[in-house]
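Each value in this text was obtained by applying a stated rule to the coordinates, not by laboratory testing. Remember, it's a predicted structure, so these values are computed and weren't measured experimentally. Don't worry about glycine lacking a Cβ; one is built from the backbone with ideal geometry, like all the others, and counts go over all protein chains shown.
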Amino acid sequence: MLTTLFQRRQRAPVALGGMVIAARMAGVVPPACIGVAVDAGGRTRRFAEGVRMVVAASENAWCFHPGPYNLVLTPYLAAPEMGLQLSVVVDSPDPLADQQRFDLYLASEGEQAVELTQFRQALDAAVQRELQQGGLALPPCTQVEEWQLFRAGLNELLYMRFGVTVDDCIPVDLAGQVDYAALLSQRAVADVPAAVVTAAPAPAIVPVPPGADAPALRRLFLELPPVTARLRMLDVDAFTRHRALLQRFDLASLAVLTMPALALAAPGQPLGAGQQQRRTRHALRAVAALDEAWALLARAGRVAQDEVLDEFERIAANLEDALAARRAIPLEDA
Amino acid sequence: MTPLPDSASCRCLLADGSFATVTATRRPRAGRADVKCSGVPGLAGAMQQVVRLARHTEAHADSRDQVVLGIDIDPGTRDWEFAAVLADRMVRGLYRAIEPACANGWSDHWQLGRIDGHTIGASAATMLGGPDGIAHLGALTGQPDVASVVSSARAWFPLHSGGINDSLGWVEVSVFPLSAVDAGDDAIAVPGLDVTRQLAVRQALLGSRDFDRCAPGRWRTTVRFAQPRFQGNSYELALVMADRLARGREYVVRGRMIATGTSSAWHAGQVETVEGMAPKCALIAREATSGDRILLPQAWQGLLPAGFLDQVRASGATVACVGQVGMF
């Protein structure tokens, strides 16, 4: 009786390494897993397997299984039958880095657990965005050299953005599992009826997911300083441009630190729901710029220096614009 | 990379035969609004809203520039909207018009990139928005709409007519899923073409679907050509690629798909050579823009004109000489 109780305490509440990559848990780090303690400022430290995690009250304890994990990505929304079969691992820590990228991912994007399906969606979104923007290229009738370039770019992107290493990546035909014709038929049900021309355009509202503001600001708060640090490490000849960029990213971090609360127009003065949606939308725009910055850092070594700086200036401009709009309250309907 | 223009204009053909011109100019942002519209207050507000909504469909945001838009007359209708969106894209280098652009279209769903309709009849030089013309902003570069029940993709092919009249023609393949109830033979409609050419189109499509083991009776297909009168069969590779893109069997192109090639064995996926390499390459090198994908027959591999590859790559397009459709 006593032993079974004891064993139950010892056993991890969720099995890591299968459908769950990482979960918050206290106590002893399970076998083959790695423990990470994350404090409120995003600083992390690791525990080896079998070690009892002793954490402060302000820290969250995580455990993750390094894998390997098999997942299938769909690089293009318009081609759901063409997939990429990936095998990814969280590799042994980089001794030169003061914080492992996967630990930062846990700190800034982990909620209670990181599930494989949710992780796959995040990877999918990152790869799809990069293909749309032209940072990666996977064109029709891909040639061998183009595939190798894509593989190199994919490895760098996923390591820089998520801290995972791609072991294996092969193109797969999902025709047996995904039926594009059936997917299209499902759209028919949701399709809107034919439109009729009216005198004035209907006011359109671009929907935003509710509750997306706080995670977005959290990501900006935790990830802008590491992005700036990596930008500082870039080997660039144009000193003045580089310094100006670093200052702009530092100011963006400061703007995130002093960002007003979502629901308040002024202390004690609530803000309307429409304005809250507007603020959320701009916070998401700022996060999109942050994602572009990670992707650009990943490919910075393969692109001409002038282009890298130009892209960083564009990203900095988008970031400043989105953060200023997140803060502002338009006069007409404040 | 070609430098961005400082200003661009797009005309709109109105129902009474007159033109309204939307002019867009670009200047440094300097802390101002991203889009500014001048002119009649009500019209300017609507134009700003339309352009801002249409920008939601773009992948590449750049807030360093301000675009100032103006329209010379007040059309009184809403069919200038498509022209305003095009002018906004042209001035930022996101869309390159071949001739002086002329468009007519309106929409209540610009944030989805969908164009709902147009208010004038058919006109050769005017791009018409709506289901019978350009139904989706992605169709400007041939991509299918990821929210529509009909998946349609375009591919371009060089039309060689001896010198200055050379141009790129397009072929559009639209596929609609057939339900299990009305499944029968593959229905392939090719309106506007003569009977022999209809048969050739049908055989090429059936052959290439055989190649990727597409089950019969799955799609109802419509094939449209930019202009139905042309000679030769070098359009076949473009047709097959458009069909594969529409059926989601091929990776999507960022820009346009430009292809030339034919085959006597589409069921094996083979691509064979066509005539007129020099003028076609010259045309493609002139027309290629950033993100375009150019597919040429394998036999042209070592024979391409000097400087062609450099010129095309400098414009941001990619080239592949293929002996077979599909990867590698």
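By definition, a body whose alpha carbon gyration tensor gives a ≥ b ≥ c is oblate when a/c is 1.5 or more and a/b is not larger than b/c, and segment B:79-212 fits this oblate description.
Between B:Ser7 and B:Ser290, the contour length at 0.36 nm per residue exceeds the Cα-Cα span by 100.0 nm. Along its principal axes, segment A:69-173 has C-alpha extents of 41, 29, 24 angstrom, given from the largest down.
Name the shape class, rounded, prolate or oblate, that the alpha-carbon gyration tensor gives for chain A, where a ≥ b ≥ c are the square roots of its eigenvalues, rounded holds for a/c under 1.5, and otherwise prolate holds if a/b is larger than b/c and oblate otherwise. Rounded.
Look at the stretch B:144-150: the mean tally of other chain Cβ atoms within 10 Å of its residues' Cβ atoms is 5. Computed from label points 7 Å out along Cα-Cβ, the spacing between A:Val303 and B:Leu309 is 2.5 nm. Summing charges over neighbours of B:Trp80, with a neighbour being any other residue whose Cβ is under 10 Å away from its Cβ, gives -1 when K and R count +1 and D and E count -1. When A:Met233, A:Met259 are sorted by how many other C-beta atoms sit within 10 angstrom of their C-beta, beginning with the fewest, the order is A:Met233, A:Met259. Sorting the segments A:224-230, A:292-298 by their mean number of nearby beta carbons within 10 angstrom, highest to lowest, gives A:292-298, A:224-230. When the alpha carbon gyration tensor of segment A:240-334 is reduced to an equivalent ellipsoid, its three semi-axes come out at 31, 13, 10 angstrom, largest first. Using the charge dipole of the protein assembly as shown (Lys, Arg: +1 at Cβ; Asp, Glu: -1 at Cβ; taken about the Cα centre), state which of A:Thr165, B:Phe230, B:Ala139 has its Cα farthest towards the positive end. Positive-end residue among those listed: A:Thr165.
From the alpha carbon centroid of segment B:255-304 to that of segment B:97-159 is 25 Å. Projected onto their three principal axes, the Cα atoms of segment B:7-137 cover extents of 42, 29, 27 Å, largest first. Dipole size of chain B about its Cα centre, with +1 on Lys/Arg Cβ and -1 on Asp/Glu Cβ: approximately 680 debye, rounded to the nearest 20.
The C-alpha atoms of chain B occupy a region whose extents along the principal axes are 60, 54, 34 Å, arranged from largest to smallest. A simple spin-label model places the labels of B:Ala265 and A:Ser87 3.5 nm from each other, with each point 7 Å out along Cα-to-Cβ. Dividing the summed helix terms, -39500 (n - 2.57) for each DSSP H run of n ≥ 4, by the number of residues in chain A produces a 222 nm estimate of -15500 deg cm²/dmol to the nearest 500.
Per residue, the convex hull spanned by the alpha carbons of the protein assembly as shown comes to 195 Å³.
As a size descriptor, the averaged projected area of the C-alpha convex hull of segment B:182-263 was calculated at 5.9 nm². Summarising the strand pairing of the protein assembly as shown, around 75 percent of its internal DSSP beta bridges are antiparallel. Using a Förster radius of 22 Å, what is the FRET efficiency between B:Ser179 and B:Ala215 based on their Cβ-Cβ separation? Nearest 0.05, please. E(calc), rounded to 0.05, equals 0.95.
Computed over segment A:13-64, the P(r) tail beyond 12 angstrom holds 58 percent of alpha carbon pairs. Going from the residue with the fewest nearby Cβ atoms within 10 Å to the one with the most, B:Phe157, A:Phe47 rank A:Phe47, B:Phe157. Stokes-Einstein, applied to the Kirkwood radius of segment B:142-322 over Cα pairs at a viscosity of 0.692 mPa s and 37 °C, places its translational diffusion at 197 µm² s⁻¹. Quick one: Cα centre-to-centre distance for segment A:235-271 and segment B:197-236, in angstrom? Between the Cα centre of segment A:235-271 and that of segment B:197-236, the gap is 55 Å. For the peptides B:117-126, B:300-309, residues were scored by their other Cβ atoms within 10 Å and the scores averaged per peptide; the highest-first order is B:117-126, B:300-309.
Averaged over peptide A:176-186, the number of partner chain Cβ atoms lying within 10 Å of each residue's Cβ comes to 5.
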